[in-house]
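Asks: Please see the structure below; I have some questions.
The values are calculated or read from the model by the stated rules, or taken from the named source; none is laboratory data. Predicted model only: the values in this text are computed from it and were never measured. Cβ sites come from the backbone with ideal geometry, for glycine too, and all protein chains shown count toward neighbours. Remember, those area values only see protein heavy atoms, side chains included, never the ligands or the DNA or RNA. Shrake-Rupley method; radii C 1.70, N 1.55, O 1.52, S 1.80 Å.
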Amino acid sequence: MVLLDNDLFLTELTLLFRKCRGSGTVYIALKKYDGRTKPKPRKGRPDPFVPCDNKCIVRAASAKEKISTVVSSKEVIKFQMAYTNLLRAHLDGLKKRDRKAKSKKAKAAQ
């Protein structure tokens, strides 16, 4: 997984959306990140790690490529605005859900 700067991450995410436009899937995950790079120690052992300010890690993956970035609490608003604009621009090719198949299963069960 490649850790990128916020602006470069958004640029690479745009390219990732374009590559997967015809066929393919892009998975996006967002979670809290405290800066820890090593696993937590077992019970009874001291934890020398002191967490820093609140951060979140954003990961995007397709079948062949994985990218990620760490967004600090100071940059969240700026990143969120750019991220939502990017999603609005590239999530127009979603397929509508087929409700007929679900109703056919319900009728068959009755």
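Asks: Give me the 1.4 Å probe accessible area per residue for the chain, excluding ligands and nucleic acids, in Å². Could the numbers behind the result be given before it?
Replies: Working: 9200 Å² over 110 residues.
Ligands and nucleic acids excluded, the result is 84 Å² per residue.
Asks: Rounded to a whole number, what % of the accessible area of the chain do carbon and sulfur atoms account for, probe 1.4 Å? Present the calculation step by step, with values, prior to reporting the outcome.
Replies: Details: 5030 of 9200 Å².
After summing per-atom areas, the C and S share lands at 55 percent.
Asks: In addition: Could you work out how far apart the two model spin labels at ASP5 and LYS43 are, taking each label as a point 7 Å from the Cα in the direction of the beta carbon, and quote it in nm?
Replies: 4.6 nm
Asks: What is the chain's relative contact order, in percent, from Cα pairs under 8 angstrom and six or more apart in sequence?
Replies: Details: 114 pairs, mean separation 34.0, N = 110.
That works out to 31 percent.
Asks: State the answer as a single residue: which of ALA108, ASN85, LEU15 lies farthest towards the positive end of the charge dipole of the chain, with beta carbon charges of +1 for Lys and Arg and -1 for Asp and Glu, about the Cα centre.
Replies: Checked the options; the winner is ALA108.
Asks: Can you tell me how much longer the chain between ASP34 and LYS100 gets when fully stretched, taken as 0.36 nm per residue apart minus their C-alpha distance, in nm with one decimal?
Replies: On the way: separation 66, 0.36 × 66 = 23.76 nm, distance 4.55 nm.
Computed gain between ASP34 and LYS100 is 19.2 nm.
Asks: Just read off the accessible area of ILE77 with the full protein assembly in place, 1.4 Å probe, to the nearest 10 Å².
Replies: Solvent-accessible area, nearest 10 Å²: 120 Å².
Asks: Still on this structure: With everything on Cα atoms, drop me the angle between helix 76-90 and the longest principal axis of the chain, reported from 0 to 90° to the nearest 10.
Replies: Compared with the principal axis, the helix lies near 20 degrees.
Asks: Distance check, please: which entries in LYS32/LYS100; LYS32/LYS78; LYS19/LYS40; LYS43/LYS66; LYS64/LYS96 exceed 28 angstrom between their Cα atoms? Write down the numbers at each step before the final one.
Replies: On the way: LYS32/LYS100 39 Å; LYS32/LYS78 17 Å; LYS19/LYS40 37 Å; LYS43/LYS66 33 Å; LYS64/LYS96 26 Å.
Exceeds cut-off: LYS32/LYS100; LYS19/LYS40; LYS43/LYS66.
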